[in-house]
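Novice: Have a look at this one.
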Amino acid sequence: MAHEQMQAPDNTAVRTALWRAMHLQVDPPPHVIEDEIGLQLAAPGDDWRARPDMDPQATSGFRAAIVARARFIDDLIAEQTDRGVTQYVILGAGLDTFAQRKPELASRLRIFEVDQPGTQAWKRHRLVELGYRIPDWLHLVPVDFEASEDWLKKLATAGFDASRPAVIVSTGVTMYLTKDATAATLRQIAGLAPGSTLAMTFLLPTELLDDADRPGLQTSRRGAQASGTPFISFYTPLEVLALAREAGFEDARHVSGALLAERYFADRTDGLRPSSGEDLLLATT
């Protein structure tokens, strides 16, 4: 594929990958997740740790929240694979590295990473460049969302079997979409085979955040606006549960950031805790 057709992932995807690597580099063990592969893919240059958004203290809550959600997804995939689910779809995959980090588990699945065509071309190129093979169970599925391409059709073309259950994961995406667009996606996912599971993150309105975390959210919002990817949608847990049920999910649950903090950070002695502001919807068909 021609080089000019490649498009590096957006700032948010890169920042997320760098925070995952930063956790391993600056936080003492036990590590909630171990992932420096995204850092290798992004190749941000030697001075990346000097960036203001990488300040080890100022951004520790965000870093912890990112590794907490990544660990939650890893655990969910392991649990669903043990239940016999064999398909894993990542919407807005960005610099996701599950396939490279967990090859033994991943090879039991058919993994479909969905993202914009330019980003997928870039990622394919970088994986090959770094010596990571792209096995036949890993499918990088390019979907031009801006041209309203049907991602389910593109998935089917890539070998996704809609008659079999799947895990669908969407992290760090809903804040950039209108509520109508998210509702439409939920309806599509709710129509998948019985036994399918969706895990989707969403941002909480400012008034539901801990007081200490509100300035950080405002900084994030300003940064997102400045990079041309403004946050446009926030949800209360009740709103997101109602949206899921209206879309047709039989079972919809709210997983709070506080629950993840308790699960993965309770025994830490270094004070590392996720900031509040992002929760999860866990829904099954």
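The values are calculated or read from the model by the stated rules, or taken from the named source; none is laboratory data. Everything numeric in this text was worked out from a predicted model, so none of it was measured. Note that we place each Cβ from the backbone using ideal geometry, even for glycine, and neighbour counts take in every protein chain shown.
Novice: Which residue out of Ala68, Ala58 is under 27 Å from Thr269 (Cβ atoms) and touching a residue at least 12 places away in the same chain (Cβ under 8 Å)? Show your work before the answer.
Specialist: Numbers: Ala58 fails: touching a residue at least 12 places away in the same chain (Cβ under 8 Å).
Going through Ala68, Ala58 in turn, the sole match is Ala68.
Novice: Continuing with this model, one more query. Quick one: which of Leu260, Leu186, Leu238, Leu192 is within 25 Å of Val32 (Cβ to Cβ) and either modelled with pLDDT of 95 or more or touching a helix residue (DSSP H, G or I) at 6+ places or on another chain (Cβ under 8 Å) (or both)? It would help to see each step written out before you state the result.
Specialist: Numbers: Leu186 fails: within 25 Å of Val32 (Cβ to Cβ); Leu238 fails: within 25 Å of Val32 (Cβ to Cβ); Leu192 fails: within 25 Å of Val32 (Cβ to Cβ).
The unique qualifying residue is Leu260.
Here is a yes/no grid of residues against (1) touching a Leu at 6+ places or on another chain (Cβ under 7 Å); (2) closer than 22 Å to Glu146 by Cβ:
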| site | (1), (2) |
| --- | --- |
| Val85 | no, no |
| Asp96 | no, yes |
| Arg101 | no, no |
| Leu105 | no, no |
| Leu109 | no, no |
| Val114 | yes, yes |
| Gly118 | no, yes |
| Trp122 | no, yes |
| Leu127 | no, no |
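Novice: Here's another thing I want to ask about it. Can you name every residue in the stretch 243-265 that is polar (S, T, N, Q) and closer than 21 Å to Pro29 by Cα? Talk me through it step by step, then tell me what you get.
Specialist: Pass one, the stretch 243-265, residues polar (S, T, N, Q): 256.
Correct list: empty.
Novice: Here's another thing I want to ask about it. Taking the condition in contact with a His (Cβ under 6 Å, 6 or more places away or on another chain), of a type in the set (Lys, Arg) and surrounded by 21 or more Cβ atoms within 10 Å (Cβ to Cβ), does Arg63 pass? I'd like the intermediate steps shown before the answer.
Specialist: Working: in contact with a His (Cβ under 6 Å, 6 or more places away or on another chain): yes; of a type in the set (Lys, Arg): yes; surrounded by 21 or more Cβ atoms within 10 Å (Cβ to Cβ): yes.
Taking the combined requirement at face value, the residue satisfies it.
Novice: To continue, here is another question. Report whether or not Leu280 is touching a Leu at 6+ places or on another chain (Cβ under 9 Å), within 23 Å of Asp10 (Cα to Cα) and assigned to a helix (DSSP H, G or I).
Specialist: When the stated conditions are applied, Leu280 does not pass them.
Novice: If we keep just the residues of the stretch 179-207 that are in a helix (DSSP H, G or I) and of a type in the set (Ser, Thr, Tyr), which is surrounded by the most Cβ atoms within 10 Å (Cβ to Cβ)? Reasoning before the result, please.
Specialist: Step one: list which residues in the stretch 179-207 are in a helix (DSSP H, G or I), which gives 179-190, 206-207.
After this cut, where a residue has to be of a type in the set (Ser, Thr, Tyr) as well, the list is 182, 185, 206.
Details: Thr182: 24, Thr185: 22, Thr206: 13.
For the stretch 179-207, the residue satisfying everything is Thr182.
Novice: Are there any pairs, at least 6 apart or on different chains, whose C-beta atoms fall under 6 Å, with the first in the stretch 228-240 and in contact (Cβ under 8 Å) with a residue 24 or more places away in the chain and under 15 Å from Thr185 (Cβ atoms) and the second surrounded by 14 or more Cβ atoms within 10 Å (Cβ to Cβ) and basic (Lys, Arg), and if so, which?
Specialist: Pairs found: Ser233/Lys179.
Novice: Have a look at Ala258, Ala283, Ala266, Ala242 and point out the one that is small (Gly, Ala, Ser) and surrounded by 14 or more Cβ atoms within 10 Å (Cβ to Cβ). Let's see the steps before the verdict.
Specialist: Values: Ala258 fails: surrounded by 14 or more Cβ atoms within 10 Å (Cβ to Cβ); Ala266 fails: surrounded by 14 or more Cβ atoms within 10 Å (Cβ to Cβ); Ala242 fails: surrounded by 14 or more Cβ atoms within 10 Å (Cβ to Cβ).
Ala283 is the lone residue from the list that is small (Gly, Ala, Ser) and surrounded by 14 or more Cβ atoms within 10 Å (Cβ to Cβ).
Novice: Report yes if some residue within the stretch 225-232 is crowded, with 17+ Cβ neighbours inside 10 Å and either within 18 Å of the chain's Cα centre (by Cα) or not acidic (Asp, Glu) (or both); otherwise report no. If you could, list the steps in order and put the result at the bottom.
Specialist: First, pick out the residues of the stretch 225-232 that are crowded, with 17+ Cβ neighbours inside 10 Å: none.
No, every residue in the stretch 225-232 fails to be crowded, with 17+ Cβ neighbours inside 10 Å and either within 18 Å of the chain's Cα centre (by Cα) or not acidic (Asp, Glu) (or both).
Novice: So, in the stretch 22-32, exactly how many residues are among the hydrophobic types (A, V, I, L, M, F, W, C), buried (at least 19 other Cβ atoms within 10 Å of the Cβ) and within 17 Å of Asp74 (Cβ to Cβ)?
Specialist: Filtering the stretch 22-32 for residues among the hydrophobic types (A, V, I, L, M, F, W, C) gives 22, 24, 26, 32.
Subset that is buried (at least 19 other Cβ atoms within 10 Å of the Cβ): 22, 32.
If we keep only those that are within 17 Å of Asp74 (Cβ to Cβ) too, we end up with 32.
Total meeting the criteria: 1.
Let's see how each residue does on (1) of a type in the set (D, E, K, R); (2) more than 16 Å from Thr197 (Cβ to Cβ); (3) out of contact with any helix residue (DSSP H, G or I) (no Cβ under 7 Å at 6 or more places or on another chain); (4) surrounded by 22 or more Cβ atoms within 10 Å (Cβ to Cβ):
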{"residue": "Thr86", "(1), (2), (3), (4)": "no, no, yes, no"}
{"residue": "Gly94", "(1), (2), (3), (4)": "no, yes, no, yes"}
{"residue": "Ala106", "(1), (2), (3), (4)": "no, yes, no, no"}
{"residue": "Arg124", "(1), (2), (3), (4)": "yes, yes, yes, no"}
{"residue": "Leu127", "(1), (2), (3), (4)": "no, yes, yes, no"}
{"residue": "Tyr132", "(1), (2), (3), (4)": "no, yes, no, no"}
{"residue": "Asp144", "(1), (2), (3), (4)": "yes, yes, no, no"}
{"residue": "Ala147", "(1), (2), (3), (4)": "no, yes, yes, no"}
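Novice: Still on this structure, I have one more. Does Asp213 qualify as being acidic (Asp, Glu) and part of a loop (DSSP other than H, G, I, E, B)? Break it down stepwise before answering.
Specialist: Numbers: acidic (Asp, Glu): yes; part of a loop (DSSP other than H, G, I, E, B): no.
Spelling it out, it is not the case that Asp213 is acidic (Asp, Glu) and part of a loop (DSSP other than H, G, I, E, B).
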